[in-house]
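Asker: I'd like to ask some things about the structure below.
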Amino acid sequence: MKIALIGYGKMGKAIEEIAVQRGHEIVLKIDVGNLQEFTREGLNKANVAIEFSSPHSAFDNVMKCLQYETPVICGSTGWLDRLDEVKAYCNSHPGAAFLYSSNYSIGVNIFFELNRKLASMMAEHPFYDVSMAEIHHTQKKDAPSGTAISLAEQIIDQVKRKKLWVNHISDNPDELEIISERIDITPGTHSVKYSSLVDNIEIIHTAHSRMGFANGAVLAAEFINGKNGIFSMKDVLGF
């Protein structure tokens with residue numbers, strides 16, 4: 001498979017390493033220094049584009065890939081206020097292919113499933129309060145993380161006593177508290193805690209390196225190759 005990398009930072013380089021190990025070829029690398037090469041001709045050399053850039057450029061990058069008829073998977077976070085626009089474009093262009101995940105790690109996607117199940121079980125036990133925490137490296141541009149937001153939305157969908165998430169300490173019982181920390185050289189930790197007067201229940205996912213995310217991104221690219229439509233990691237993993 002031939003892959004275009006849109007965004008060639010630390011994640012892009014990790015994805016390149018995994019892709020080459022799996023026998024794929026990187027035919028295009030786009031970063032801030034060579035945006036003039038981000039053309040239809042360049043993209044059309046690839047079977048799939050993998051987009052890991054930044055919150056302010058992700059939407060335009062994804063739309064360019066779709067308009068140039070290159071299937072694209074996206075792992076950039078912090079731009080989801082425009083995700084519905086991307087989905088609307090895909091729905092009106094049957095040949096388009098798009099896959100988004102806030103986190104491509106296989107372990108995190110299993111964690112998502114555990115979080116959803118635990119939230120559904122805790123929904124009927126109002127004497128437990130629920131809170132979240134996440135830790136990432138200091139270079140991460142958004143807070144809370146896209147993964148934390150995904151976890152929070154799963155909880156709010158199940159635990160109806162929580163109406164919205166907030167990114168600060170809160171005494172409001174309607175608010176789901178997410179505490180974000182940024183510590184150097186930390187790939188990512190997410191925790192969800194249910195606390196009562198008698199006990200706590202907590203689930204935690206801790207990443208040890210970017211390679212788990214990179215491996216999942218390449219698996220997603222392999223999955224979407226040759227397909228049309230809108231997909232997620234649940235489709236890739238068969239959940």
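Asker: Tell me, please, whether a residue that is surrounded by 15 or more Cβ atoms within 10 Å (Cβ to Cβ), assigned to a helix (DSSP H, G or I) and touching a residue at least 12 places away in the same chain (Cβ under 8 Å) can be found in the stretch 197-212.
Answerer: So far as the stretch 197-212 goes, yes, one or more of its residues are surrounded by 15 or more Cβ atoms within 10 Å (Cβ to Cβ), assigned to a helix (DSSP H, G or I) and touching a residue at least 12 places away in the same chain (Cβ under 8 Å).
Asker: Starting from residues that are among the hydrophobic types (A, V, I, L, M, F, W, C) and over 14 Å from the mean Cα position of the chain (by Cα), keep the ones in the stretch 40-58 and report whichever is farthest from Y104 (Cα to Cα).
Answerer: From the stretch 40-58, those among the hydrophobic types (A, V, I, L, M, F, W, C) are 43, 46, 48-50, 52, 58; that's our starting set.
Then keep just the ones that are over 14 Å from the mean Cα position of the chain (by Cα); that gives 43, 46, 48-49.
Details: L43: 22, A46: 21, V48: 16, A49: 15 Å.
Filtering the stretch 40-58 for residues that are among the hydrophobic types (A, V, I, L, M, F, W, C) and over 14 Å from the mean Cα position of the chain (by Cα), the one farthest from Y104 (Cα to Cα) comes out as L43.
Asker: Still on this structure, please answer the following. What's the total number of residues in the stretch 129-144 that are under 26 Å from S196 (Cα atoms) and within 13 Å of the chain's Cα centre (by Cα)?
Answerer: Number of matching residues: 1.
Asker: Any residue at all in the stretch 175-198 that is farther than 27 Å from H137 by Cβ, modelled with pLDDT of 95 or more and out of contact with any Phe, Trp or Tyr (no Cβ under 9 Å at 6 or more places or on another chain)?
Answerer: Initially, the stretch 175-198 is screened for residues farther than 27 Å from H137 by Cβ, giving 194-198.
Restricting the remaining residues to those that are modelled with pLDDT of 95 or more gives 194-198.
Checking the rest, the ones that are also out of contact with any Phe, Trp or Tyr (no Cβ under 9 Å at 6 or more places or on another chain) come to none.
No; the residues of the stretch 175-198 include none that is farther than 27 Å from H137 by Cβ, modelled with pLDDT of 95 or more and out of contact with any Phe, Trp or Tyr (no Cβ under 9 Å at 6 or more places or on another chain).
Asker: While we're looking at this one, here's another question. Checking K117 against (1) in contact (Cβ under 8 Å) with a residue 12 or more places away in the chain; (2) under 30 Å from D199 (Cα atoms); (3) not hydrophobic (A, V, I, L, M, F, W, C): exactly one of these is not met. Which one?
Answerer: Going through the list (1) in contact (Cβ under 8 Å) with a residue 12 or more places away in the chain; (2) under 30 Å from D199 (Cα atoms); (3) not hydrophobic (A, V, I, L, M, F, W, C), K117 breaks only (1).
Asker: Out of the stretch 17-42, which residues are of a type in the set (S, T, N, Q) and closer than 17 Å to A214 by Cβ?
Answerer: Residues of the stretch 17-42 of a type in the set (S, T, N, Q): 21, 34, 36, 39.
Of everything in the stretch 17-42, just one residue is of a type in the set (S, T, N, Q) and closer than 17 Å to A214 by Cβ, namely Q21.
Asker: Quick check on the stretch 74-97. Is at least one of its residues among the hydroxyl-bearing types (S, T, Y) and farther than 23 Å from H136 by Cβ?
Answerer: In the first step, residues of the stretch 74-97 are kept if they are among the hydroxyl-bearing types (S, T, Y); the result is 76-77, 89, 92.
With the extra rule that they be farther than 23 Å from H136 by Cβ, the set shrinks to 89, 92.
Yes, because at least one residue in the stretch 74-97 is among the hydroxyl-bearing types (S, T, Y) and farther than 23 Å from H136 by Cβ.
Asker: Right, something else. Suppose we keep only residues that are among the basic types (K, R) and without any contact (Cβ under 8 Å) to a residue 40 or more places away in the chain within the stretch 50-97. Which one would you say is surrounded by the fewest Cβ atoms within 10 Å (Cβ to Cβ)? Spell out the reasoning first.
Answerer: Narrowing the stretch 50-97 to residues among the basic types (K, R): 64, 82, 87.
Pick out the ones that are also without any contact (Cβ under 8 Å) to a residue 40 or more places away in the chain and you get 64, 82.
Values: K64: 19, R82: 13.
The residue in question is R82.
Asker: Moving on. How many residues does the stretch 219-238 contain that are touching a Ser or Thr at 6+ places or on another chain (Cβ under 9 Å) and part of a loop (DSSP other than H, G, I, E, B)?
Answerer: 1
Asker: Could I ask something else about it? Against the conditions (1) out of contact with any strand residue (DSSP E or B) (no Cβ under 8 Å at 6 or more places or on another chain); (2) among the aliphatic types (A, V, I, L, M); (3) surrounded by 15 or more Cβ atoms within 10 Å (Cβ to Cβ), where does V236 fall short? Just the number, please.
Answerer: (1)
Asker: Looking at the stretch 58-87, which of its residues are modelled with pLDDT of 95 or more and within 17 Å of S102 (Cβ to Cβ)?
Answerer: Once the filter is applied, which keeps residues that are modelled with pLDDT of 95 or more and within 17 Å of S102 (Cβ to Cβ), the stretch 58-87 yields A58, F59, N61, V62, V72, I73, C74, R82, L83, D84, V86, K87.
Asker: Also, I was wondering about something else. Evaluate the following for P126: is it of a type outside the set (A, V, I, L, M, F, W, C) and surrounded by fewer than 18 Cβ atoms within 10 Å (Cβ to Cβ)?
Answerer: Details: of a type outside the set (A, V, I, L, M, F, W, C): yes; surrounded by fewer than 18 Cβ atoms within 10 Å (Cβ to Cβ): yes.
Criteria met by P126.
Asker: Being touching a Pro at 6+ places or on another chain (Cβ under 6 Å) and under 20 Å from A221 (Cβ atoms) narrows it down to one of V48, V72, so name that one. Break it down into steps so the answer makes sense when it comes.
Answerer: On the way: V72 fails: touching a Pro at 6+ places or on another chain (Cβ under 6 Å).
Step by step, each of V48, V72 is checked, and only V48 is touching a Pro at 6+ places or on another chain (Cβ under 6 Å) and under 20 Å from A221 (Cβ atoms).
Table: residues versus (1) β-branched (V, I, T); (2) in a loop (DSSP other than H, G, I, E, B); (3) over 19 Å from A119 (Cα atoms); (4) not assigned by TED's automatic domain parsing to the domain that holds P71.
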site: A143; (1), (2), (3), (4): no, yes, yes, yes
site: E153; (1), (2), (3), (4): no, no, no, yes
site: W165; (1), (2), (3), (4): no, no, no, yes
site: S170; (1), (2), (3), (4): no, yes, yes, yes
site: L176; (1), (2), (3), (4): no, no, no, yes
site: S180; (1), (2), (3), (4): no, no, yes, yes
site: I185; (1), (2), (3), (4): yes, yes, yes, yes
site: V192; (1), (2), (3), (4): yes, no, no, yes
site: A217; (1), (2), (3), (4): no, no, yes, no
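The values are calculated or read from the model by the stated rules, or taken from the named source; none is laboratory data. Every value quoted in this text rests on a predicted model; they were computed, and no experiment measured them. Don't worry about glycine lacking a Cβ; one is built from the backbone with ideal geometry, like all the others, and counts go over all protein chains shown.
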